[in-house]
Amino acid sequence: MVASISVVQGFVAPNVAFTSKSTNLHASAPAPVADPAIERKTKVPVFDEVCDTTGVTLSRFMNEVTMLNPELKELTALFGSLDTACKAISNLVKRSQLPSSETLGYEGNINVQGEDQKKLDVITNDVLKRALRFTGRLGVLASEEEDVPVDLVGSASNDSREIVIEEGEKYVAVFDPLDGSSNVDAGIPTGTIIGIYEHDESCEIDEDCKGDECAEQEARCLANTLQPGTNLVAAAYCLYSSSTFLALTMGNGVYIFTLDETIGEFVLSKPHVTIPEESSIYSFNEANLEKWDEPMRETVEKWREGTGKSGKRFSSRYIGSMVGDVHRTLLYGGVFGYPGDTKNPNGKLRLLYEGAPMSFIMEQAGGLSTTGTQRVMELTPEVVHQRVPVVMGSKNDVQEVMDAYAAWDGKKEE
């Protein structure tokens, strides 16, 4: 049984099976727009009908993808390592509050964000680095807990800050090892976010280079991580909550797996996730409302009063953990956001390993993601830890925010 490929809101939504192994989507008008179409370098996986059913493990799912798409074989190895790392981190999080655990408290270091590093931040960062290192598929890696793209062998607490490039390695991985770690002590959901880009094979570092010559070569390698979200090959997040969930996209829709601890496997639980086009839920830190830009503040106030475009009175649901808030938004609809304010004009979320990967997932589920004036996926980071305002979720609700900013910009120009 074969079904056609349908292109909606700039993403490819599979119905039953694909007949083509590649799909090119072409660029369109500048933001703010609701239906951005982009040119993707990634090839769309061809899925067998078996993937529309439950009872399919992540390993089997990826094997099906590989059999039909041999060019994705190396990506399968990365997801195999991510599978293992998420299981290990899930166990670390669950045991973190036990008196015998060595993950309690702070490491005593301050990360590049100016934040106290909890021991759990450092441990989970090492778990991911080591898991991905042994795939032999990575050229460069960037993490929230590291100052620069790093050596895959070292730990977050040592002095190694090298950019490692090895021949034959195909991908660049960027990740937030434990999003929401400050909430672990309260038992609030936490998560891991990962984005995967193709590695520029022309990037090489001469072993005999010295001084500025090395710096110039390393800068070119650093550019491997400084790619816009439109270049993402795949993105995923793991959520550690009532169950352990793994959501992934390879540019062909969103699939959510749930960890069955009785067999130790992630099992496909929600194929082809589609976010409702509108809802009546928003997820923001409203304590900052008075500090937001006028269009953002007025839109949220209208939602609270029921005077927005939908005429519905919105409810507030804010966890304070991006992965938890976005996961709920994907399933129930609504809007999640961390906009800029007078204290943090660029918001607090990092573009490279939070904003872009989660935006990729949201768009592949049929939603939108914007800064208010620009599509998050089209922004190219200038530095690894660049921050960006983010508003993502149901198409119609996010469009209302974009329209408010467009009208506001129009007033300023008059």
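Within region 341-367, being under 24 Å from residue 272 (Cβ atoms) and polar (S, T, N, Q) holds for 359, 364. Every listed requirement among (1) of a type in the set (Gly, Ala, Ser); (2) touching a strand residue (DSSP E or B) at 6+ places or on another chain (Cβ under 8 Å); (3) modelled with pLDDT of 75 or more is met by residue 13 save one, (3).
Just one of the listed residues (391, 401) is among the β-branched types (Val, Ile, Thr), assigned to a strand (DSSP E or B) and crowded, with 23+ Cβ neighbours inside 10 Å, namely 391. Set side by side, the residues 82, 68, 104, 128 differ, and just one is at pLDDT below 85 and under 16 Å from residue 237 (Cα atoms), which is 128. Counting residues in region 343-354 that are within 23 Å of residue 236 (Cα to Cα), in a loop (DSSP other than H, G, I, E, B) and without any contact (Cβ under 8 Å) to a residue 40 or more places away in the chain gives one or more. Sort through 320, 324 and tell me the only one that's closer than 15 Å to residue 180 by Cα, assigned to a helix (DSSP H, G or I), not acidic (Asp, Glu) and not assigned by TED's automatic domain parsing to the domain that holds residue 237. None of the others qualify; the one that does is 324. Note on region 226-257: among residues that are part of a helix (DSSP H, G or I) and touching a helix residue (DSSP H, G or I) at 6+ places or on another chain (Cβ under 8 Å), the one that is nearest to residue 85 (Cα to Cα) is 229. Applying the criterion of being small (Gly, Ala, Ser) and touching a residue at least 60 places away in the same chain (Cβ under 8 Å) to the residues of region 289-330, the residue that is nearest to residue 361 (Cα to Cα) is 324. Residues in region 287-307 that are buried (at least 21 other Cβ atoms within 10 Å of the Cβ) and not hydroxyl-bearing (Ser, Thr, Tyr): 5 in all. Residue-level check: of (1) more than 23 Å from residue 248 (Cα to Cα); (2) at pLDDT 95 or above; (3) in contact with a helix residue (DSSP H, G or I) (Cβ under 7 Å, 6 or more places away or on another chain), residue 315 misses just (3).
Here residue 269 does not qualify as part of a loop (DSSP other than H, G, I, E, B), touching a residue at least 60 places away in the same chain (Cβ under 8 Å), surrounded by 14 or more Cβ atoms within 10 Å (Cβ to Cβ) and of a type in the set (S, T, N, Q).
The values are calculated or read from the model by the stated rules, or taken from the named source; none is laboratory data. All values derive from a computational prediction rather than experimental measurement. Neighbour counts run over all protein chains shown; Cβ positions are idealised from the backbone, glycine included.
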